[in-house]
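Below is one structure, written out as structure tokens; the observations come after it.
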Amino acid sequence: MSYQTGPAPLPNAHPLDYWLSTELSTISPISARSRLREIADARGSYMGAWAAGIGMGAVLVLLGVLLAVRFDTLVPLPSLSLPGAALSVLCCVFYGRVRDRLPNTDRVLINRGPGSLRGALSFVAFILITFLALIALTAKPATWQDPATLLMLGAVLAFLICLLVGAIIVPATIMGRSRESLRNKAANDPRFRSLLEQDLAIWRDPHGNAGYGPL
């Protein structure tokens, strides 16, 4: 795939710092494709996916604890909390791996959810408003006078919010900051920077002579 965005030098004509610079990013079209942006977007997608797994595991742990307290039994802990904790730990391991390595950009990870914090907040707000509207329209007047029912509705709402934060908001925030995250990682992690340097040295645009950046 060619990432040409106009006249550009050969990939090795500039050092990595040039391609990583915020100045070059500012003057480049936000939709312009480049090798660095491809790496950043793929890395952000994988990190977001594993972060969602971490969030789902945490939600299972919370659900197990809440059910154990609600029904005064330890049964939900081994059936929900333990698998949730295992899922979170496993996803943390893979999150750390994709964060510290260059992704395989030939494998496309399809994301059908929001790709930014703003989009995630809009999506979550729509779901919560719809949920509350359904409750308001279907609940009987006596529902609002029953403390036990109100407590249950509050617990369901709190669980839904935690689920949406873990599955939607956190991954979308990570993906939305993927390019900034890559720039910070390259600046603060010498090992990761060396991986980018090696990639810069060997990468060539297969269909032209586009540059390595911008980011």
Exercise. Against the longest principal axis of the chain, how steep is helix 147-164, in degrees 0 to 90 to the nearest 10, with axes from Cα atoms?
Worked result: 10
For this session: Could you tell me what percent of the accessible area of segment 72-215 is made up of carbon and sulfur, with a 1.4 Å probe and every protein chain present?
Result: 67
Exercise. Hey, what's the chain come to in accessible area per residue, 1.4 Å probe, Å²?
Worked result: 59
Exercise. Cα centroids of segment 34-80 and segment 121-172: how far apart, whole angstrom?
Worked result: 19
Exercise. Once both axes come from the Cα atoms, what is the angle between helix 35-71 and the longest principal axis of the chain, in degrees from 0 to 90, rounded to 10?
Worked result: 10
Seminar exercise, completed: Taking Lys and Arg as +1 and Asp and Glu as -1, residues besides Leu182 with C-beta under 11 Å from its C-beta add up to +4
Problem set entry | MRE, 222 nm, helices only [DSSP H, n ≥ 4, -39500 (n - 2.57), over the chain, to nearest 500] | -21000 deg cm²/dmol
Exercise. Which residues make up the longest stretch of the chain that has no trypsin sites (Lys or Arg not before Pro) in a DSSP loop with at most 10 other Cβ atoms within 10 Å?
Worked result: 1-106
Seminar exercise, completed: P(r) of segment 71-115 over all Cα-Cα pairs, 10 Å bins starting at 0, rounded to whole percent, reads 21, 29, 29, 16, 5, 0
For this session: Note the listed values [x] 75; [y] 64; [z] 55, then indicate which one is percent of Cα pairs over 21 Å apart calculated from this particular structure.
Result: [y]
Seminar exercise, completed: Most packed first (mean Cβ within 10 Å per residue), the peptides 139-149, 83-93 order as 83-93, 139-149
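The values are calculated or read from the model by the stated rules, or taken from the named source; none is laboratory data. On a predicted model such as this, the values are computed, not experimentally measured, just so you know. Counting neighbours? That spans all protein chains shown, and the Cβs are built from the backbone with ideal geometry, glycine included. Only protein heavy atoms, including side chains, enter the accessible area calculation; ligands, DNA and RNA are left aside. Shrake-Rupley method; radii C 1.70, N 1.55, O 1.52, S 1.80 Å.
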